[in-house]
1. With all protein chains present and a 1.4 Å probe, how do His39, His9 order by accessible area, largest first?
2. Write down the accessible area per residue of the chain in Å², having rolled a 1.4 Å probe over the full set of protein chains.
3. Where nothing but the Cβ of Lys and Arg (+1) and of Asp and Glu (-1) is charged, how large is the charge dipole of the chain around its Cα centre, in debye to the nearest 20?
4. Can you tell me how much longer the chain between Ala61 and Ala23 gets when fully stretched, taken as 0.36 nm per residue apart minus their C-alpha distance, in nm with one decimal?
5. How long is the gain from Phe53 to Asp34 if the chain were fully straight, where each residue apart is worth 0.36 nm and the alpha carbon distance is subtracted?
6. Could you order Phe15, Phe42, Phe53 by accessible surface area, starting with the largest, using a probe radius of 1.4 Å?
7. Could you report the accessible area of Thr64 in Å², rounded to 10, computed with a 1.4 Å probe on the protein chains as they sit in the structure?
8. Would you be so kind as to identify which of Gly21, Val2, Pro44 lies farthest towards the positive end of the dipole of the chain, taking Lys and Arg as +1 and Asp and Glu as -1 on Cβ and the Cα centre as origin?
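The values are calculated or read from the model by the stated rules, or taken from the named source; none is laboratory data. These figures come from a predicted structure and were not determined experimentally. Note that each Cβ is placed from the backbone with ideal geometry, even for glycine, and that neighbours are counted across all protein chains shown. Side chains included, ligands, DNA and RNA excluded: accessible areas come from the protein's heavy atoms. Shrake-Rupley method; radii C 1.70, N 1.55, O 1.52, S 1.80 Å.
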Amino acid sequence: YVLRMMNAHGDWWLFTFRDSGRAWELVAASASSDDQTPHELFAPVYSQYFEPFLRHVTKAANDTKGI
């Protein structure tokens with residue numbers, strides 16, 4: 001499953017999830033701004049900043065009970 005978010009300035013974020021049957025798994029994340037080449041948020045340059053936060057948000061969402 002893919003979640004794509006955009007802002008009014010054309011910046012975008014793309015998150016790809018897989019349903020493991022028990023929980024949603026975040027398998028890819030990328031972002032782009034100013035028509036630049038997309039940045040892979042799990043790549044070595046960015047992962048130390050983004051991966052812990054994105055994994056935390058995904059875990060919190062999985063731990064939340066739905067209706």
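1. His9, His39
2. 79 Å²
3. Approximately 380 debye in magnitude.
4. Extending this stretch completely gives an extra 12.8 nm.
5. Extra length from Phe53 to Asp34 when fully extended: 4.5 nm.
6. The most accessible residue leads, giving Phe53, Phe42, Phe15.
7. Rounded to the nearest 10, that gives 90 Å².
8. Toward the positive end, the furthest listed residue is Gly21.
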